[in-house]
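Encoded as structure tokens, the structure appears first; notes follow it.
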Amino acid sequence: MARPKKDVPQHTNSPFKKLRLDVRLSQEQLAMEIGVAVSTVRRWEKGQCEPTMTRAQMARFCTCICATFENLPDSLVCDFSR
């Protein structure tokens, strides 16, 4: 079976992964930008845990994916009590 090209967004059920792929960021690049471990991004994308970010991290995430907080899918809206 042919492997998808790295520069072409792949089909995914994860809204987090879809947003990352749409702007062609690697997991490593996104993790570095928002200040989390790559393994954290992987767990979020696999649905093993829900994305939890501080306000500053969420702001950087929105900047990275060229979106506003208001335009994020409901499944990505985090608790900002930190």
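Name the single residue that is farthest from residue 16 (Cα to Cα) among those in region 42-71 being part of a loop (DSSP other than H, G, I, E, B) and of a type in the set (Val, Ile, Thr).
54
Among the residues of region 1-51 satisfying the criterion of being touching a Lys or Arg at 6+ places or on another chain (Cβ under 9 Å), of a type in the set (S, T, N, Q) and modelled with pLDDT of 95 or more, which is surrounded by the fewest Cβ atoms within 10 Å (Cβ to Cβ)?
Only one residue tops the list, namely 26.
The values are calculated or read from the model by the stated rules, or taken from the named source; none is laboratory data. Note that the structure is predicted; figures quoted are calculated from it, not measured. Methodologically, a virtual Cβ is constructed for each residue, glycine included, from the backbone with ideal geometry; neighbour enumeration extends over all protein chains shown.
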